[in-house]
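Participant: Please see the structure below; I have some questions.
The values are calculated or read from the model by the stated rules, or taken from the named source; none is laboratory data. None of these values were measured; they are calculated from a predicted model. So basically every Cβ, Gly included, is an ideal-geometry build from the backbone, and we count neighbours across all protein chains shown.
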Amino acid sequence: MKFSWRSLAFLALPLVVIGFFLWQSTFTVVNANTEGTPNAATSRMTYGRFLNYLDAGRVTTVDFYDGGRTAIVEAVDPDLDNRVQQLRVDLPSKAPELVSRLRASGISIATHPPSNNGAILGILGNLIFPILLIIGLVFLFRRSNNVPGGPGQAMNFGKSRARFQMDAKTGIRFDDVAGIEEAKEELEEVVTFLKQPERFTAVGARIPKGLLLVGSPGTGKTLLAKAIAGEAEVPFFSISGSEFVEMFVGVGASRVRDLFKKAKENAPCLIFIDEIDAVGRQRGAGIGGGNDEREQTLNQLLTEMDGFEGNTGIIIIAATNRPDVLDSALLRPGRFDRQVMVDAPDIKGRLAILEVHARNKKLADDISLDIIARRTPGFTGADLANLLNEAAILTARRRKEAVTMAEIDDAVDRVVAGMEGTPLLDGKSKRLIAYHEVGHAIVGTLVRDHDPVQKVTLIPRGQAQGLTWFAPDEEQGLTSKSQIYARIMGALGGRAAEDVIFGRDEVTTGASNDLQQVTGMARQMVTRLGMSDLGPVSLEGQSQEVFLGRDLMTRSEYSDRIGALIDQQVRSIVQHCYEDTLKLIQENRTVIDRLVDLLVEKETIDGEEFRQIVAEYTAVPEKERFVPVL
């Protein structure tokens, strides 16, 4: 915890005040004990000597203090030429005859009552620790009021933690969002609803109550919400789904009620709930029942969105990448009237996104954003932003003045495959990896329905010792059976090359990931796509994570006999493709040896050079798709 000068002054002031009172009390007691006594009364005299002086008639006056325990005596001292001295005498507690003797001798007597400042001092001393403790606790509670979940908010568990902005200033407008034009049009309409509702109410249309943004991570769902906040010019609440849920039962429902209460007070307004699947998962999925805090929160959310009271003037925007686990009651019209798909951008969308993120980047003259967009199929908006940022970092590291295509190429490889590793040394291992990668590339080049080769490299990245890049076709949404066969053969090209060149006993573990992909594709052909001898039947649902309570105890969708047939068909497809791949490798052994020698020397061969070398030995089928390479 950081303490400011103001905080230190707040703590020090009570200490100074208490210290002043203690000093003042002590000073008063000392003065009271010596009141009426000149400064010369610093000498002490024993009680026995005092009695001798009394018997000799040398005592003139006696002043009693402290309830008779102390006396200030004026006496004539014969050792000082009979001058009068003021002496202090400590009297015994039991001397009742002393006063009678003093009176009998005609000595002036004065009694001074004891001061009560000692009691005040004792009380203050006992109160010092409690006062300091109370001040410290008050200070801590005041400091923690601004800390979410701090002790100062012990009574505010049920309050909503949504960030509220009367005039949201996110710094993002719709012009800053690119690549997801369809989703942006849907949300621009919502902004028009809020700004000009009469255009829609005049024809009987009503404002939608909720919009659900669905898409993969990094596609721009939260960015769209920020753009809406910047454009709508209405009060804006933003909260994450996980902030509703606490360890205490009923807290989430209370926060939902408080959120909508504040929203109704500021209607019309927008509420943005990020990662709503944290609180909106299907009800009844628990095993054994019980009082589920998340389900109570969801029930309250359903009631507030479309219950008996309604929420006129409030538009809810939620984002998730797991719509399959959301409760069906949450997705029905009247709650989330629209589901807006925010997909990964196509080539035009990627080009628009690159133009947005390249505004503050210093690019070289030879940079072509169109080529970068074609080089990055499947990249989301977040991936493209990271790509240009990585390229800029590499440019600064290499002490260049502008980003060039070399940095873009390295940044793409880094984002997709990981950091660049130490180059391989010449030797058997390097040549084996080169044959493996050339095996992938030669099959991808000679099989008509395979994606064209983009680059073959022996530079290690991530866990891979070598990589072969292909340029997939993104314009074709459907995939044919021949294309799947071609992809299986391409994945098996590395293992087939090792088998042909080094022999079956020398094959390595380098193809383990390839075999997993091959088995997955073949199994989908049999169980989901109806591309096997079992006929056009779908035997398995779409692969997804097990959802506790719904999928854990589900029975198999087929019998044991069908399961054995599925395994047989998968093995048959893979074996057939592997035999064709082996034949293709054996027929092109000469060009493979030349490509391996070139790859070991240069470590990287781009797709165009690779195809030109292959064309010198055999006819290369013309691909229907072609993507420019860097």
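Participant: Can you pull out the residues in the range 483-506 that are under 44 Å from the mean Cα position of the chain (by Cα) and of a type outside the set (D, E, K, R)?
Facilitator: Gln483, Ile484, Tyr485, Ala486, Ile488, Met489, Gly490, Ala491, Leu492, Gly493, Gly494
Participant: Criterion first (within 25 Å of Thr618 (Cβ to Cβ) and more than 39 Å from the chain's Cα centre (by Cα)) does Pro452 satisfy it?
Facilitator: Yes.
Participant: Leu595 versus (1) under 30 Å from Leu424 (Cβ atoms); (2) at pLDDT below 85: which is the lone unmet condition?
Facilitator: So the condition that Leu595 fails would be (2).
Participant: Ok, one more. Does Lys400 satisfy the condition of being under 28 Å from Thr581 (Cβ atoms) and not polar (S, T, N, Q)?
Facilitator: no
Participant: Tell me which of these Asp451 doesn't satisfy, since it passes every other one: (1) exposed (fewer than 14 other Cβ atoms within 10 Å of the Cβ); (2) assigned to a loop (DSSP other than H, G, I, E, B).
Facilitator: All conditions pass for Asp451, except number (1).
Participant: What number of residues in the range 201-255 are in contact with a helix residue (DSSP H, G or I) (Cβ under 7 Å, 6 or more places away or on another chain), part of a loop (DSSP other than H, G, I, E, B) and hydroxyl-bearing (Ser, Thr, Tyr)?
Facilitator: 1
Participant: Sticking with this one: For the range 481-540, give me the residue count where each residue is among the β-branched types (Val, Ile, Thr), assigned to a helix (DSSP H, G or I) and within 18 Å of Val443 (Cβ to Cβ).
Facilitator: Selection size over the range 481-540: 6.
Participant: Given the conditions (1) at pLDDT 80 or above; (2) farther than 23 Å from Asp277 by Cβ, which single one is not true for Pro197?
Facilitator: With (1) at pLDDT 80 or above; (2) farther than 23 Å from Asp277 by Cβ applied to Pro197, the lone miss is (1).
Participant: Taking the range 54-63, which residues are surrounded by fewer than 19 Cβ atoms within 10 Å (Cβ to Cβ) and within 21 Å of His112 (Cβ to Cβ)?
Facilitator: Scanning the range 54-63 gives Leu54, Thr60, Thr61.
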